[in-house]
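For reference, the structure discussed in these notes is given below.
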Amino acid sequence: MVAFIVRRLLILPIILFGVTVFVFGVFSFLDPVMRASLYVRDVPKTTDALQRIIAKYGLDDPIHIQYWRWINQVVRGNFGWSKTAQRPVLQAIGHYLPATLELALWAMIPVIFIGIWLGILSALHHNRALDHTTRVFALVGWSFPSFVYGLLLLMVFYAMLQWFAPGRISDWVIREVIAGTFIQHTGMYTLDAILNGRLDVFGDALRHLVMPVITLSYIQWALLLRVTRSSMLETLRQEYVITARAKGLKERVVVYKHAARNAMIPVATMGGLLLIGLLNGVIITETVFNYPGLGRMAATAATQLDILTVLGITLFSSVLLVFGNLAVDILYAVIDPRIRLE
Amino acid sequence: MWRKLSLALVLFGVVGLIAWPQVKNPDTMVVVTIGDIETLDPAWAYDTASGEAIFNMYETLIFFKGASSTEFEPMLATAWEVSPDGLVYTFTIRSGVKFHMGGTLTPADVVYSFHRALIQDRSGGPIHMLTEVLLDVASIGELAEAVGDGGAFQAIQDAVKLVGDKVVFTLKFPFAPFIQILAGTWSAIADKEWVIAQGGWDSTANWRNWHDPAAEESELFKTANGTGPFKLERWVPGEEISFVRFDGYWRAPAKLARAVIKVVDEWGTRLAMFEAGDADIIAVPRAYVAAMDPLVKAGKARLFGPNPGAVSQTGFFNFKVKDGSPFMPLLAGVAKPDLLADVHLRRAFNYAADLDTYIKEAWLGEAFKLRGPVLEGRLGYNKDQPILGFDMEKAQAELRLAWDGTVWKSGARITITYNAGNVQRKFVAEMIERNIESLNDIRRNEGFRIPIAVEVLEIPWPSYLKYMDDSQLGIFFIGWMEDYAHPHNWVHPFMYRTGAFALGQNFDVMKDVAFAPVYATWLPAKTYATLQALFDELVDLAKKEPDLKKAELLYFELNRLAVENSINLASLMTTARHYEQVWVKGWFYNPSFPGEYFYNLAKG
């Protein structure tokens, strides 16, 4: 297994190189003036403004020279300045990642547990009321645009009832951070609240997470639920399950020990990619709930042609993807001992 | 789609009315808006979001008097004098003023701040306004090319200097709006010793190291130390900036203890924050004002406006589209770069623009027709200047005359462009398209089969900028927001050879232009080599004219020439609305403010 992991990790630099060449190649089709627009918010008020910006940033240099200049800095650990995030690219990713990670991790909990649990229950109650109910639930999750129910949640639970709130944290916590009475260890407020022993901050962070977590995870619950259900139904029809039942094993043992474990292989494939799916899904959620995370930053950078930020985030996503796939492969071996990674 | 969305948002507003909150955080004002701050450096900033933060923390020599954008009152200067020739401005600096970090304001700080701004002069920044009048160049780089680095440095020293305990500005030519430039955030005063301690320009002739930095390279990018009523508490780019009251302020301390500006791009979220009482003031795009109406009617929100803004929305004709442009005009099916150089064609388009419908439908009735480049309320705006109103009979007559009848008989193809996402510009472009193409029925009846085609295209902003910069657009719609309330800031971009729009309009195509003054009757009637030469001479004369009455007549003349030559299309002055919670006190509208001035505000 170690050799397998090392082999996978050795591929990483090649993937990253390919990604950077591809992104740079795409941007090479853009005119220097178009790329200079990142630095111009309004109509340039002097005639030489655009040319000065192009010269300053070398935007009209041949693309391979621009790439060489960038890669030279990258190997020194400098990924450049993110104009959209107003800080160095690495620092920007470091700043926004904890927020997105916190959101995604909280969303993973209901996705995995509710999705799998409801999926198994649906299969066990095939074509009965529970199965029909979860089917409707899943269909609604797929078909209802997340920004619409995100706004509905805001309208009811924030504007009207004021139970939950948008953003990451309340102003009073921010002031504590500024004053140094609340220490940020990880950048994830719920975790930091535990580390600081502050239940009030934990509660406040949770109050801000409820609506985005529901919005973000609903479609993923629905997806996992359906995959689990199908896989479970197929497994329950296998001969070894019938044999287990014929042996007189308890239904609980048949379902959860024999059937569910085998049904989890396709679910594991899904589950490994769910985190990446959640990271992609955060763009809308973060925008609707004014949640300052990586998704919102990526969307802004892409629309403003902020090449350095796009490159930074693409590289980061590539690393995440490679590790995500690796985790899924390892999970296969754990679930099914017949699978040998070597 | 928009109607459904508006309906949903109105419902959103009604739901919010059910449980309206009471005032929260009575000593903290929360503004929820769009648009992120670029920098906190006053010399670098040229956007309103940055300007809003800066003018709450820094101060200028003079400041706008109440709601006026043309009258001023002393701020860091206690008095000023202007020499009879209009070239020398002498300021007496206020004593006993403290900076946030403890320093004391001196006249040397004032001189240093202006020297630093002129030296910095970043690409695309605001300092061109100062270099134009103090050095008679577009940039310090341009001056250095002509006279060397040392010469440029000396010129800066000569332009702004300390004489005794007074600060003296020496202009290259009389320029009335200079005093208005001094009220802008780019003219804010910083603490010399503190800036140097941050790594700023060290007052030596070795100025190149501090010239044209990127935003983040400036030592004042994310820190601030002004004399203003609020101190910087925290700036998290893309999220929020907060300020705390400066208790050592030279005037009475602000009523608010704290102010926060939050960036929330999503409208629905901003509205929800307003309804929950977490936002005291919110930015409301025109498309969503219907969502605010129930709140205003129910007495849950207060509306100021529509207030006349400092922004125009205008179409521009390019008299000669650059070869190779994808928007090349066609005449009788053949490329004709200078198609729009024909005044009859331009007039036809103006007659085909139904401005009343445009204002009513696209601007909800909250815009005004302009009578030339100069904004209403500015010196030189001529309310009696006739404009070409909507008249399809006249549009038809002008089209028949265009290019000696060739357009009418053989057809043409013209492209109108606007930047993607701008619904108002889309509306007016498509309206003109419909109206012009409706004349094809008449032409067909007369046996002319090749249509006069108007194509409307939306272009993403980066591409739009490229095509505009490269003079490739035929007719293009865009907005202009003034830097200072003076007509020069309008006729320069619209008519001067180096103006932001005129540069891409190629007025030089029009040769041997006869001029006979109508308003500025002291000017001789004569023929100019080009239309551009005529515009340039009048713009230069107007900006240097010390006699206000004469200056006004010169601007009248420029407005008249712009209208008679139809250099623009469907030009409007837009308005602004301000929505706030009913517990907000002290707000008033000044079109020259880049945002909320918290010193005037209170809650309760």
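Of all the accessible heavy-atom surface of the protein assembly as shown, with the other protein chains kept in place and a 1.4 Å probe, what percent is carbon and sulfur?
Working: 22680 of 37760 Å².
Carbon and sulfur together cover 60 percent of it.
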- Task: Take B:THR406, project a point 7 Å from its Cα along the Cβ direction, then tell me which residues of the stretch B:498-530 have their backbone nitrogen under 17 Å from it.
- Result: B:509-511
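Classify the stretch B:73-136 as rounded, prolate or oblate, taking a ≥ b ≥ c as the square roots of the eigenvalues of its Cα gyration tensor: rounded when a/c is under 1.5, otherwise prolate if a/b is larger than b/c and oblate if not. Could the numbers behind the result be given before it?
Values: a/c = 2.66, a/b = 1.19, b/c = 2.25.
Since a/c reaches 1.5 but b/c is at least a/b, the shape of the stretch B:73-136 is classed as oblate.
Counting alpha carbon pairs within less than 8 Å and at least 6 residues apart, what relative contact order, in whole percent, applies to chain B?
Numbers: 1244 pairs, mean separation 119.5, N = 604.
It comes to 20 percent, rounded to a whole number.
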- With viscosity set to 0.890 mPa s and temperature to 25 °C, compute the Stokes-Einstein D of the stretch B:341-394, Rh being the Kirkwood radius across alpha carbon pairs; µm²/s, no decimals. 197
- Task: Sort out for me the Cα centre separation of the stretch B:435-502 from the stretch A:180-222, rounded to whole Å.
- Result: 51
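Mean Kyte-Doolittle of at least 1.6 plus a Cα span of 20 Å or more along the axis: flag which DSSP H helices in chain A meet both, please. Don't skip to the end; give the middle numbers.
Working: long enough: A:2-27 (38 Å, 2.39); A:89-124 (49 Å, 1.67); A:129-143 (21 Å, 0.51); A:199-236 (47 Å, 0.81); A:260-288 (39 Å, 1.33); A:307-335 (41 Å, 2.16).
Membrane-span-like by this criterion, though nothing is claimed about a membrane: A:2-27, A:89-124, A:307-335.
What is the dipole size for the protein assembly as shown, taken about its Cα centre, with +1 at each Lys and Arg Cβ and -1 at each Asp and Glu Cβ, in debye to the nearest 20?
On the way: 87 positive and 93 negative charges, 684 e Å.
Computed about the Cα centre, the dipole is about 3280 debye.
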- Note on the structure: Eigenvalues of the alpha-carbon gyration tensor of the stretch B:523-564, times 5 and square-rooted, give semi-axes in Å, largest first, of 18, 11, 9
- Ignoring ligands, DNA and RNA, what accessible area per residue does the stretch B:159-279 give at 1.4 Å, in Å²? 32
- Query: Taking only the alpha-carbon positions of the stretch A:219-302 and ignoring solvent, what does the Debye formula give for the base-10 log of I(q)/I(0) at q = 0.15, 0.18 Å⁻¹?
  - Reply: -0.65, -0.77
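Work out the FRET efficiency for B:MET101 and B:LYS161 from their Cβ-Cβ distance, taking R0 = 22 Å, and round it to the nearest 0.05.
It comes out at approximately 0.25.
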- Query: Chains A and B: how much accessible area gets covered up at their contact, both sides added, probe 1.4 Å, in Å² to the nearest hundred?
  - Reply: 4700
- Query: What spacing in nm lies between the two simple spin-label points modelled at A:LEU130 and A:ALA55, each 7 Å away from Cα in the Cβ direction?
  - Reply: 7.4
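Could you estimate the translational diffusion coefficient of the protein assembly as shown from the Stokes-Einstein equation, with Rh from the Kirkwood formula over C-alpha pairs, at 20 °C and 1.002 mPa s, in whole µm²/s? Provide the component values of the computation, followed by the final result.
Working: Rh = 31.3 Å.
Translational D for this selection: 68 µm²/s.
Return the FRET efficiency for the residue pair B:ALA298, B:VAL88: r is the Cβ-Cβ distance, R0 is 60 Å, and the value is rounded to the nearest 0.05.
Details: r = 57 Å, r/R0 = 0.95.
Efficiency at R0 = 60 Å is approximately 0.60.
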- Task: Pop out the Kirkwood hydrodynamic radius of the stretch A:1-151 from its pairwise C-alpha distances, inverse of mean 1/r, in Å to one decimal.
- Result: 20.8
- Message: Cα atoms only: what Rg and Dmax, in Å, come out for chain A?
- Response: 24.2, 87
- Query: With the solvent-accessible surface defined on protein heavy atoms using a 1.4 Å probe, which residues belonging to the stretch B:441-466 display a reduction of at least 20 Å² in accessible area in the multichain context relative to the isolated chain?
  - Reply: B:TRP461, B:PRO462, B:SER463, B:LEU465, B:LYS466
- Query: Taking a point 7 angstrom from the Cα of B:GLU81 along the C-beta vector, which residues in the stretch B:166-182 have backbone N less than 17 Å away?
  - Reply: B:166-171
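Which value at 222 nm does chain A reach when only helices count, each DSSP H run of 4 or more adding -39,500 (n - 2.57), with the total divided by all residues and rounded to the nearest 500 deg cm²/dmol?
Computed ellipticity for chain A at 222 nm equals -24000 deg cm²/dmol.
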- Item | Residues with amide H under 5 Å from that of B:ILE416, placed H, sequence gap 5 or more | B:GLU455, B:VAL456, B:LEU457
- Would you mind estimating how fast the stretch A:208-255 diffuses translationally, via Stokes-Einstein at 25 °C and 0.890 mPa s with the Kirkwood radius over Cα pairs, in µm²/s? 188
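Ranking request for peptides B:47-54, A:69-76: highest mean number of other beta-carbon atoms within 10 Å first, then the rest in descending order.
Descending packing order for the listed peptides: B:47-54, A:69-76.
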- Item | Test item: B:233-241 mean partner chain Cβ contacts at 10 Å | 5
- Would you mind working out the accessible area per residue for chain A, using a 1.4 Å probe, and quoting it in Å²? 47
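Using the Cα centre as the reference, give the magnitude of the dipole from point charges on the C-beta atoms of the stretch A:202-276 (Lys, Arg: +1; Asp, Glu: -1; all else neutral), rounded to the nearest 20 debye. If you can, show how the numbers build up before the last one.
Values: 10 positive and 4 negative charges, 69 e Å.
Charge dipole of the stretch A:202-276: 340 debye, to the nearest 20.
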- Task: Per residue of the stretch B:273-278, in order, report the coupling 6.51 cos²θ - 1.76 cosθ + 1.60 (Karplus, θ = phi - 60°) as ³J(HN,Hα) in whole Hz, putting x for Gly and Pro.
- Result: 5, 5, 5, 7, x, 7
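Evaluate the charge dipole of the stretch B:515-555 about its Cα centre and quote only its size in Debye, nearest 20, assuming +1 on the Cβ of each Lys and Arg and -1 on the Cβ of each Asp and Glu.
Details: 5 positive and 6 negative charges, 16 e Å.
Using Cβ point charges on Lys, Arg, Asp and Glu, the stretch B:515-555 gives about 80 debye.
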- Looking at the square roots a ≥ b ≥ c of the eigenvalues of the Cα gyration tensor of the stretch A:1-64, which shape do they give, rounded for a/c under 1.5, prolate if a/b is larger than b/c, or oblate? prolate
- Which percent, nearest 5, of DSSP beta bridges in the protein assembly as shown are antiparallel? 80
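Does the stretch B:134-174 come out rounded, prolate or oblate by the C-alpha gyration tensor, with a ≥ b ≥ c the root eigenvalues, rounded set by a/c under 1.5 and, if not, prolate when a/b is larger than b/c and oblate if not? The partial results should precede the final answer.
On the way: a/c = 3.58, a/b = 1.72, b/c = 2.09.
Because a/c hits 1.5 or more and a/b fails to exceed b/c, the stretch B:134-174 counts as oblate.
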- Pick from A:ARG252, A:ARG35, A:ARG87: which is most flexible by mean-square fluctuation in a GNM of chain A where alpha carbon atoms under 10 Å apart are linked? A:ARG252
- Helix-only [θ]222 nm of chain B, DSSP H runs n ≥ 4, -39500 (n - 2.57) each, per residue, nearest 500: -9500 deg cm²/dmol
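Can you tell me the length gained on complete extension of the stretch B:LYS526 to B:ARG497, counting 0.36 nm per residue apart and subtracting the Cα distance? List each step's numbers first, then the result.
Numbers: separation 29, 0.36 × 29 = 10.44 nm, distance 1.97 nm.
My answer for the length gained is 8.5 nm.
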- Mind checking the log10 I(q)/I(0) for chain B at q = 0.06, 0.09, 0.12 Å⁻¹? Debye, one equal scatterer per Cα, no solvent, two decimals. -0.35, -0.79, -1.30
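What average number of partner chain Cβ atoms lie no more than 10 Å from the Cβ of the residues making up B:33-39?
Mean partner shielding for this stretch: 2.
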- Can you give the relative contact order of chain A as a percent, counting alpha carbon pairs under 8 Å and 6+ residues apart? 27
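For the stretch B:294-405, what does the equivalent ellipsoid look like in terms of its semi-axes, each the square root of 5 times an eigenvalue of the Cα gyration tensor, given largest first in whole Å? Mind showing how you got there, number by number?
Values: eigenvalues 259, 55, 46 Å².
Calculated on Cα positions only, the semi-axes equal 36, 17, 15 Å.
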- Item | Using a Förster distance of 41 Å, the FRET efficiency for B:LYS369-B:ALA514 (Cβ separation, nearest 0.05) | 0.90
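Calculate the mean, over all residues of peptide B:270-278, of how many other protein chain Cβ atoms lie within 10 angstrom of the residue's Cβ. If you can, show how the numbers build up before the last one.
On the way: counts 2, 4, 14, 7, 1, 6, 8, 2, 8.
Mean partner-chain Cβ count within 10 Å for B:270-278: 6.
Please sort A:309-322, B:90-103, B:125-138 by packing, taking for each peptide the average over its residues of neighbouring beta carbons within 10 angstrom, highest first.
Order by mean packing, descending: B:125-138, A:309-322, B:90-103.
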- Query: Can you pull the three principal axis extents for the Cα set of the stretch B:103-235, in Å, largest first?
  - Reply: 42, 29, 26
- Just need the relative contact order of the stretch B:461-604 here, percent rounded to a whole number, with Cα pairs under 8 Å and 6+ apart. 16
- Query: Given labels modelled 7 Å from the Cα in the Cβ direction, how far is it in nm from B:GLN22 to A:VAL21?
  - Reply: 6.7
- Distance in nm between label sites at A:ILE71 and B:GLU73, each 7 Å beyond Cα in the beta-carbon direction? 6.2
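The values are calculated or read from the model by the stated rules, or taken from the named source; none is laboratory data. Computed from a prediction, not measured in an experiment: that's the story for all the values here. FYI the Cβ positions are ideal-geometry reconstructions off the backbone, even for glycines, and counts take in every protein chain you see. These area figures cover heavy atoms from the full protein model, side chains too; ligands, DNA and RNA do not enter into them. Shrake-Rupley method; radii C 1.70, N 1.55, O 1.52, S 1.80 Å.
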